[in-house]
Amino acid sequence: MRDLAGGYGIDLLNRTLRPSSVAGRLEPLAPSGFFQVTEIGLDSDHIKGFLIANSSVMLWRNSGGTLIKPISPANSSKAPPHTRLKFDGVAVVRQFLDADDLKSLAQLVENTYKLMSLAQIPDAEMADNFKRWNGVWLQPLPDFLNKSGSNSLVDVYGRLVSTISQRTRHLFGYAWRFYPQRSFMRRQVGGATVPWHIDADAAGIGRSQSINVWLPLDTVGSRLPSLDVIPASHKKMRTLALTRDRVYRDDTFAASFGSTVTPILDPGDALVFDQFTLHRTQHSAVSDFARTSCEFRFIKMPMWRRSFWTKS
Ligand SMILES: O=C(O)CCC(=O)C(=O)O
């Protein structure tokens with residue numbers, strides 16, 4: 001038996017086995033070369049165990065230990081984030097933000113919510129979204145902050161956009177451009193959850209390529225809900241007609257795309273996913289919670305616009 005406490009890196013979106021909080025042990029399953037992970041204390045209705053060998057992972061659920069399916073090799077912790085994003089449609093990036101940037105983001109969000117609840121919101125759409133789902137769109141945010149006399153927060157916002165854009169481009173490719181029109185902060189209260197969907201239709205992206213850099217400001221995946229995601233669902237979802245009708249929201253429909261993974265994330269970690277990856281608010285979440293997150297979306301320019309962009 002091999003003790004995991006040394007920080008054995010099983011990725012599987014790091015759902016439970018994390019270097020700092022590993023509670024499991026690896027038992028070699030001769031002669032397969034696989035290892036069985038036991039004693040890992042997973043949620044009863046979710047993944048119960050893994051079989052891993054090099055970069056391949058298989059998992060099974062509670063019911064009778066049946067293997068479900070191999071997870072794409074891209075899920076290996078060794079694969080770089082852009083490879084995981086390409087093959088799985090989702091990648092966890094630990095410490096995407098450093099401690100200072102995280103602190104700035106948390107302060108920006110806190111102060112913005114304070115101002116939004118006190119001040120008049122001149123932008124009608126911004127006011128409506130704040131009222132309906134407690135969301136704060138980023139496109140009109142600098143103007144709102146300026147008009148509220150909070151020029152220093154405009155600077156903080158500008159610096160954060162620049163840092164998050166640079167990091168995204170460094171990890172996922174230099175063609176990605178920040179898309180404030182479809183980016184926002186969200187403070188979910190009272191257990192409001194979002195059902196299965198893809199951002200391409202539900203968030204009205206309207207671009208052929210887009211990713212979401214999802215940054216929770218609370219630890220999620222244990223007491224507070226993370227996101228459930230279905231790795232590799234983006235490949236097939238990309239081929240279907242976009243529709244806002246119920247079919248994408250349906251559990252059976254989503255289950256036909258494969259198993260769900262639910263990463264545990266700390267503030268500063270990012271879950272980065274393709275606009276066609278099926279996801280929802282973690283289903284096993286408690287019914288009454290308050291949790292804050294930011295969604296920085298990025299798009300890729302068409303080739304002709306990219307060369308124009310670089311010249312201008
Ligand atoms: O924050 C959540 O729980 C869901 C977020 C989400 O799925 C989205 O905005 O696309």
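No lab work stands behind these numbers, since they all come straight from the coordinates. Just so we're clear, the structure is a prediction, and the values are computed from it rather than from any experiment. All Cβ positions, glycine included, derive from the backbone under ideal geometry; neighbour counts span all protein chains shown.
Details
- Projection of the Cα convex hull of region 201-248, averaged over all directions and equal to a quarter of that hull's surface, yields 4.6 nm².
- Of the peptides 115-125, 143-153, the ranking by mean beta-carbon count within 10 Å, highest at the top, reads 143-153, 115-125.
- For region 99-311, dividing the convex hull volume of the Cα atoms by the residue count gives 136 Å³ per residue.
- Relative protection proxy for 128-138, 290-300, from highest mean packing down: 290-300, 128-138 (other beta-carbon atoms within 10 angstrom).
- Counting every other Cβ atom within 10 Å of each residue's Cβ, Asp98, Asp274 order from fewest to most as Asp98, Asp274.
- For the residue pairs Lys103/Lys131; Lys86/Lys300; Lys114/Lys147; Lys86/Lys235, alpha carbon separations beyond 19 Å are given by Lys103/Lys131.
- In whole angstrom, region 118-168 maps to an equivalent ellipsoid with semi-axes of 22, 15, 7, each derived as √(5λ) from the alpha carbon gyration tensor and ordered largest first.
- The ranking of Thr83, Thr168 by Cβ neighbour count inside 10 Å, starting from the fewest, reads Thr83, Thr168.
- Full-stretch length increase - Lys103, Leu118 - with 0.36 nm per residue and alpha-carbon distance subtracted: 3.1 nm
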